[in-house]
2 protein chains.
Amino acid sequence: MVIHTLIRLITFFPYHGHRTVSRTFFFSVALAFFDGFPDFRFRKAGYQAIDRICDYYYSLQNKPVKSNVKPGYLREALPVAPPTKGESIEDIANDYQDIIMPGLTHWQHPSFFAYYPTASTFEGIIGDLYATTALNPGFNWICSPACTELENVVMDWAAQLFGLSEDFYNTTQVGGGVIQSTASDSALVAIVTARSRYQRLHPDVPIDKLVVYVTTQTHSLGLKAGLILGLPVYAIPVRAEDDYGLRGHGLREVIERDKAEGKHPFVIVGTVGTTSSGAIDNIDEIAEALRDHPDIWLHIDAAWLGAAFSCPQYRARCHLPTINKVADSICINFHKARAGPFSSTSWGLVNFDCSAFWVRDRKNLTEALDITPPFLRSTEGDAGIVVDYRNWGLTLGRRFRSLKVWFVLRSFGVEGFQAYIRKCISLGEIFAESVRNHPELLELVTPPSFSLSVFRIAPGAVPGLPAHELNELNELYYRRLNERNELMLTQTELNGVHCVRFVVGVQRTERIHVEAAFGICLETAKLVTREFTGSRSY
Amino acid sequence: MVIHTLIRLITFFPYHGHRTVSRTFFFSVALAFFDGFPDFRFRKAGYQAIDRICDYYYSLQNKPVKSNVKPGYLREALPVAPPTKGESIEDIANDYQDIIMPGLTHWQHPSFFAYYPTASTFEGIIGDLYATTALNPGFNWICSPACTELENVVMDWAAQLFGLSEDFYNTTQVGGGVIQSTASDSALVAIVTARSRYQRLHPDVPIDKLVVYVTTQTHSLGLKAGLILGLPVYAIPVRAEDDYGLRGHGLREVIERDKAEGKHPFVIVGTVGTTSSGAIDNIDEIAEALRDHPDIWLHIDAAWLGAAFSCPQYRARCHLPTINKVADSICINFHKARAGPFSSTSWGLVNFDCSAFWVRDRKNLTEALDITPPFLRSTEGDAGIVVDYRNWGLTLGRRFRSLKVWFVLRSFGVEGFQAYIRKCISLGEIFAESVRNHPELLELVTPPSFSLSVFRIAPGAVPGLPAHELNELNELYYRRLNERNELMLTQTELNGVHCVRFVVGVQRTERIHVEAAFGICLETAKLVTREFTGSRSY
């Protein structure tokens, strides 16, 4: 025990480096002689957690990406009631390792190409660890100044990283950025804000005449917001020949038709990088169509693809110049974890949850969400010197999320962030190119969108197959791929066509993983085609 | 370097204990010889974070509880743009210590008696650290089985801890529990669910005839939900003589009046432990009044006081037997961090955010929030074997919050949890008793509610003072208390009476801190009274 403590005492020094070692530190080390001391137990459990996290990441690629547990496995493994007496943290941590971990799907696995991967970086973990400790429900400035101010600063850093217009910077004290939990949250806030502005502009319009616009390819966040708010949502159809992006004339027709019927569209969610296929709505044309309807709020959902804005060469293709000119609000997920009924996305290197949300005019937000009576609103609050973030979102209390963003942006730097995004995109291109090289068996269903490819077994693989049977073949294909433990993919459906999605966004994914994954896709396609034609010949 | 690594190698063993040390572990330790290796840098930064967290907690009581920074201090201290090149994690961590920390209000300080303290336990920190690492946006079962199942299990544990009726257990596959982010979130979900049920029962009622009921003492979450949903909220007045709790006849009158005017109340938020004064609405009488109106949803907001349900002796006083019989939904915050315009609350020992939410009938939740088309809803999903938690809340992706609850419930055990709650309540009683012992200067404005006392300078301190001047005196009193760095309190207003709140809920608060705090309150009251009467004699 004594030797052990001395050794630890020596090894501590390098971590404190040249900085002054506090008296409390010596105090707690001295007390570590007494094994029951809680400080010692926590340090032990803390070091162990750090070790296990490292071990986890370094052994990850040797684990199966998917969990093979059966529904209910954990309920069977755990007691029906909490323990009466406290248990040791060692036992709990061991049970986490032995019982909980086998039930995890490894979203950070290098062969995870499903949904949209969630980011989890060491830097983000450390940032979040500090945030969990210094718990400050940052509902207003005074309840913890640093929480509010750091969020204010890093959101301006993020705006610069992504090339957003200065109009969205917090320093303008007109526009501004705030961290929401998820893209669903950001969209809900945008729609509530839009409704509030519309009702102020048109106080006589009954609430049941309002309508929300999305497209048939918009993430489910649109429909969900409609359910929550009790508002009808109209999904404007998009076409395969437009690569599943909304065009201006499509929008114009719908607005005219609805207005003629006495309906009041007040918000449209435009997507840059849809969940299914990475489609980009034609924001230039949408902006043109909205020119005659300045009371319709334009919210840009760039939850996944927005991370690519960090590289200037991709901005024009994503309509960023127009977004900068006309969008009322925009959402880019730093964590990116997105899922639809079939499919989902991660980029941005920050651990879940962290959805960056900007508005062009913060007054619209606070008018919609501030419950402070007007006579109590401070001039500082409105002018942005002291922002009360509770009035910028749905909840009062908030986590100190800006800390993990700060850790990540500083440790990667702008160039490191860009390099990571470019790597993912180039790996995605390798996969797409591999699909293109096997036209006898596979095809891309829609042009690849950055790191995302949507593909299927090509019609040519089984000549003469009717469309619905080709769909059946591709459903079988996905089932077979899904049975493989070496990789994880998701399926999707584009205007009735069944297909498989492949997206790169995990920090640890390298060329070797992508090539191995394509190998499995190709091999499985051969087997499934043979199986399918075999069964049909009976 | 070699020696350092060897030492570390030796010290690692005890943490791995009798468990098999993985090959990757040896691998990474061997690689630690190369200083630039990221694994080593992360371990170093991780150990340092654990050390600093320990140091932080052990030196906390020597720091001032409040931050003294000026608005804008952090923006001045930080660069205007993110760095181009990445920086070392050591530098970032040091900047956190040197620049960010001075801007934090220490909510875990033993002399923090303001708002409602946020819990932050070592066990919760470790649980959250693992959760941050194994990022799984648990939107459905398959995307990470353990996330869904652990939440399912710990919510049943929590229901037992708090003495909730078995109707609310997940095992019933009818009722069930889910973790939301905050009490605002829980209330919003309850109100959306209530509206959806009401509209299914009365499909012809126009949406603009719906009304939400709260009381004038309900937390701002009621008004906020109204803003978000675009629904009118009526705050039923409560009276000082009812200790600011809602009575049955008050509710009955309002329902009859509103129904006569063609309005449709569809939900009432009943509070057990209000933010201002810990008032408890008379749920027994409310249940009686609602008997003729079974289509009005009863949501119980026990965000703060619910933690006291863990001790059986407090349950009857909190109307738990009636809640168990009639409430449609109930919210108890494990983290407890609550704030109103003047005041706020923490109990429950779990780090922010973690709001426990139960419903009596989960079908109402999924009918309201499930965007899966009916023909795609799985029988497993509805029967509760495989719960898709995305349909139980506002957002799709979710943090793995159940892990920290599991760590805390296991390490404290039911008895440890109860002992903590009883300690807070007895410390609160010590404060209340001290106020009672100085009737010449101080008074309790309303009976103390568990660990919360609301007090002020008594009318007798300056005989003959009119009510508005007594309010001025008490405003000055709070300002003076607020200038003290040794403790943190919040003020409130109860039906026009200015008063000060004192709430105990920090794990590290002991009798000595409460006595010291009362000493300051008493001394300041004397000084302020003298100052006030002195200025009036001019």
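Subtracting the Cα-Cα distance of B:S535 and B:E433 from their residue separation scaled by 0.36 nm leaves 33.6 nm. For the range A:40-57, backbone phi angles converted through the Karplus equation (6.51, -1.76, 1.60; θ = phi - 60°) give residue-by-residue couplings of 5, 4, 5, 4, 4, 5, x, 4, 4, 4, 4, 4, 5, 5, 4, 4, 4, 5 Hz, Gly and Pro being listed as x. Packing around the peptides A:354-360, A:163-169, A:68-74, B:413-419, taken as the average count of other Cβ atoms within 10 Å per residue, puts them in this order, highest first: A:354-360, A:163-169, B:413-419, A:68-74. Peptide A:56-65 shows a mean partner chain C-beta count of 3 within 10 Å per residue C-beta. The peptide list A:56-64, A:238-246, B:451-459, put in order of mean Cβ contacts within 10 Å with the highest first, becomes B:451-459, A:238-246, A:56-64.
Using r as the Cβ-Cβ distance of B:H468 and A:L223, and R0 as 60 Å, what FRET efficiency do you calculate, to the nearest 0.05?
FRET efficiency, B:H468 to A:L223: 0.70.
Going by a ≥ b ≥ c, the root eigenvalues of the Cα gyration tensor, does the range B:184-274 fall in the rounded group (a/c under 1.5), the prolate group (a/b larger than b/c) or the oblate group? The shape class here is oblate.
For the pair A and B, the buried accessible area comes to roughly 13800 Å² in total, with a 1.4 Å probe and the value rounded to the nearest 100. Residue by residue along B:151-164, Cβ atoms of other protein chains within 10 Å of the local Cβ number 2 on average. In this label model, B:R239 and A:T84 are separated by 4.7 nm, measuring between points 7 Å along each Cα→Cβ vector.
Exceedance of the 30 Å cut-off in Cα-Cα distance is limited, within the set A:K224/A:K526; A:K209/A:K363; A:K224/B:K85; A:K404/B:K363; B:K44/B:K404; A:K63/B:K404, to A:K224/A:K526; A:K224/B:K85; A:K404/B:K363.
Per residue of B:95-104, other chain Cβ atoms within 10 Å of the residue Cβ number 5 on average. Charge tally around B:H513: other residues with Cβ under 13 Å, Lys/Arg +1 each, Asp/Glu -1 each, net 0. Between copies, B:A81 shows label-point distances of 6.3 nm, shortest first, with the point placed 7 angstrom from Cα along Cα to C-beta.
For B:D292, the label point sits 7 Å beyond Cα toward Cβ; its separations from the matching points on the remaining copies run 5.5 nm, from shortest to longest. Sequentially through the range A:321-326, phi angles give Karplus couplings (6.51, -1.76, 1.60; θ = phi - 60°) of x, 5, 3, 4, 7, 10 Hz, Gly and Pro residues having no value and appearing as x.
For A:E469, the point set 7 Å out from Cα toward Cβ sits 9.8 nm from its twins in the other copies, listed from shortest up. Taken along the Cα-to-beta-carbon direction at a fixed 7 Å, the label points for B:D208 and A:I520 span 5.6 nm. The label-point distance for B:D91 and A:R75, in a model that sets each label 7 Å from Cα toward Cβ, rounds to 5.2 nm. As a length-normalised measure over Cα pairs under 8 Å and 6 or more apart, the relative contact order of the range A:423-537 settles at 29 percent. Here the gap between B:E253 and B:Q313, fully extended at 0.36 nm per residue and compared with their Cα-Cα distance, gives a gain of 18.3 nm. Note on the range B:259-294 and the range A:442-481: Cα centroid distance 56 Å, given to the nearest whole angstrom.
The values are calculated or read from the model by the stated rules, or taken from the named source; none is laboratory data. On a predicted model such as this, the values are computed, not experimentally measured, just so you know. Methodologically, a virtual Cβ is constructed for each residue, glycine included, from the backbone with ideal geometry; neighbour enumeration extends over all protein chains shown. The protein model used for the area step is the full one, side chains on, heavy atoms only, and it has no ligands, DNA or RNA in it. Shrake-Rupley method; radii C 1.70, N 1.55, O 1.52, S 1.80 Å.
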